[in-house]
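**Q** My questions will all concern the structure given below.
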Amino acid sequence: MTTSTTPGVRAPRRDAAENRAALLAAARVVLNRDPDAGLDAIAAEAGLTRRAVYGHFANRDALLLELVEQGTSRVAASLAAVDHPQPLVRLALIASRMWQEVDAVRVMTLFAVRGPFQDQVAERLRPVRRHLADTVRAGTRSGAHGAVRSDVPPDTLARLIEGAAITVLDEARRTGMPAATARRLTMLAVLAMAGLDAAAANRLIDETPELRLEPATPQERRP
């Protein structure tokens, strides 16, 4: 009896976990298309009923909060791992990684950075923002070659750099910009905000192996 009962108990738990993951994945897709989409649209994308949603989330805000927290944690882990001895290259690598996590960045931006849930996720982003500000400070102390602009306070400049990258990511997703173009434009926007002119920024990207050899996004790997 024990043997036959155990699979019957475990299967619903596994299905429930899969359904929850499907709802979160569907929400990421649907909300990237339409930030105002409701639970019906999210449930339909996941192949589930609205009633099934309430088995996992009390309401739309509860689903959004978990989605934002997952996305923020993923972005934070990805960006915090970026390192390079040259601050400008590090800034460009951060921009490139933001493009690789564009879906999570967009959801995070819509519902956390510029919308509700700011307090809930601000702590998760704190280490990344500190890493960015430290990179800017290191860049302002660099020599003439490859220096970050020093006419703007580092903390302010770090926030402006973050905003520049997010603006490009929003535009890239909205217009369906090719992945390689969007990734390069995100790096160029960050480098421009850091103080490089267009020629110097393009040269840095073209001449830096780490920037050319960043892992391709799923879109870039498609034939």
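**Q** Given the condition free of Cβ contacts under 8 Å to residues at least 60 places away in the same chain, assigned to a helix (DSSP H, G or I), out of contact with any Lys or Arg (no Cβ under 9 Å at 6 or more places or on another chain) and surrounded by 19 or more Cβ atoms within 10 Å (Cβ to Cβ), answer yes or no: does some residue in region 87-96 qualify?
**A** The initial filter retains those residues of region 87-96 that are free of Cβ contacts under 8 Å to residues at least 60 places away in the same chain, namely 90.
Filter again for assigned to a helix (DSSP H, G or I), leaving 90.
Add one more test, that the residue is out of contact with any Lys or Arg (no Cβ under 9 Å at 6 or more places or on another chain), and what stays is 90.
Subset that is surrounded by 19 or more Cβ atoms within 10 Å (Cβ to Cβ): 90.
The answer is yes, given that some residue of region 87-96 is free of Cβ contacts under 8 Å to residues at least 60 places away in the same chain, assigned to a helix (DSSP H, G or I), out of contact with any Lys or Arg (no Cβ under 9 Å at 6 or more places or on another chain) and surrounded by 19 or more Cβ atoms within 10 Å (Cβ to Cβ).
**Q** Kindly provide the set of residues from region 174-187 that are without any contact (Cβ under 8 Å) to a residue 60 or more places away in the chain and in a helix (DSSP H, G or I), ordered by number.
**A** Of region 174-187, the ones without any contact (Cβ under 8 Å) to a residue 60 or more places away in the chain are 174-178, 180-181, 184-185.
Selection gives 174, 175, 180, 181, 184, 185.
**Q** Looking at 171, 162 in this structure, which one is among the charged types (D, E, K, R), crowded, with 19+ Cβ neighbours inside 10 Å, part of a helix (DSSP H, G or I) and within 15 Å of the chain's Cα centre (by Cα)?
**A** On the way: 171 fails: crowded, with 19+ Cβ neighbours inside 10 Å.
162 is the lone residue from the list that is among the charged types (D, E, K, R), crowded, with 19+ Cβ neighbours inside 10 Å, part of a helix (DSSP H, G or I) and within 15 Å of the chain's Cα centre (by Cα).
**Q** Could you figure out which of (1) touching a Leu at 6+ places or on another chain (Cβ under 8 Å); (2) open to solvent by less than 30 Å² (accessible area, probe 1.4 Å); (3) in a helix (DSSP H, G or I) isn't true of residue 106?
**A** Here residue 106 clears every test but (2).
**Q** I need the full set of residues from region 140-159 which are aliphatic (A, V, I, L, M) and open to solvent by 80 Å² or more (accessible area, probe 1.4 Å), in order please. Spell out the reasoning first.
**A** Step one: list which residues in region 140-159 are aliphatic (A, V, I, L, M), which gives 144, 147-148, 152, 157-158.
Once the filter is applied, which keeps residues that are aliphatic (A, V, I, L, M) and open to solvent by 80 Å² or more (accessible area, probe 1.4 Å), region 140-159 yields only 144.
**Q** How many residues does region 50-72 hold that are in a helix (DSSP H, G or I) and small (Gly, Ala, Ser)? Quick ask: steps written out before the conclusion?
**A** Step one: list which residues in region 50-72 are in a helix (DSSP H, G or I), which gives 50-54, 60-72.
Then keep just the ones that are small (Gly, Ala, Ser); that gives 52, 62, 71.
Result for region 50-72: 3.
**Q** Okay, next question. Can residue 190 be described as buried (at least 21 other Cβ atoms within 10 Å of the Cβ), in a loop (DSSP other than H, G, I, E, B), among the β-branched types (Val, Ile, Thr) and modelled with pLDDT of 90 or more?
**A** Values: buried (at least 21 other Cβ atoms within 10 Å of the Cβ): yes; in a loop (DSSP other than H, G, I, E, B): no; among the β-branched types (Val, Ile, Thr): yes; modelled with pLDDT of 90 or more: yes.
Spelling it out, it is not the case that residue 190 is buried (at least 21 other Cβ atoms within 10 Å of the Cβ), in a loop (DSSP other than H, G, I, E, B), among the β-branched types (Val, Ile, Thr) and modelled with pLDDT of 90 or more.
**Q** Can you name the residue in region 118-139 that is over 16 Å from the mean Cα position of the chain (by Cα) and farther than 28 Å from residue 197 by Cα and, of all such residues, is surrounded by the most Cβ atoms within 10 Å (Cβ to Cβ)? Walk me through how you get there before you give the answer.
**A** Taking region 118-139 first, the residues over 16 Å from the mean Cα position of the chain (by Cα) are 119-120, 130, 133-139.
Cutting the leftovers down to farther than 28 Å from residue 197 by Cα gives us 119-120.
Working: 119: 8, 120: 14.
Across region 118-139, the extreme among qualifying residues is 120.
**Q** Further, regarding this structure: In region 193-212, how many residues are of a type in the set (Gly, Ala, Ser) and open to solvent by less than 60 Å² (accessible area, probe 1.4 Å)? Full working, then the answer.
**A** First, pick out the residues of region 193-212 that are of a type in the set (Gly, Ala, Ser): 194-195, 198-201.
Next, from what is left, pick out any that are open to solvent by less than 60 Å² (accessible area, probe 1.4 Å): 194-195, 200-201.
Final tally of qualifying residues: 4.
**Q** Can you name the residue in region 73-85 that is in a loop (DSSP other than H, G, I, E, B) and not aliphatic (A, V, I, L, M) and is also surrounded by the fewest Cβ atoms within 10 Å (Cβ to Cβ) among such residues?
**A** The extreme case among them is 85.
**Q** Still on this structure, please answer the following. Check whether at least one residue in region 30-50 is in contact (Cβ under 8 Å) with a residue 12 or more places away in the chain, over 29 Å from residue 169 (Cα atoms) and open to solvent by 20 Å² or more (accessible area, probe 1.4 Å), and report yes or no.
**A** Yes, because at least one residue in region 30-50 is in contact (Cβ under 8 Å) with a residue 12 or more places away in the chain, over 29 Å from residue 169 (Cα atoms) and open to solvent by 20 Å² or more (accessible area, probe 1.4 Å).
The values are calculated or read from the model by the stated rules, or taken from the named source; none is laboratory data. This is a predicted model, so every value here is computed, not measured. As a convention, Cβ positions derive from the backbone with ideal geometry for all residues, glycine included, and neighbour counts pool all protein chains shown. The accessibility values were calculated without ligands, DNA or RNA, using every heavy atom of the protein model including side chains. Shrake-Rupley method; radii C 1.70, N 1.55, O 1.52, S 1.80 Å.
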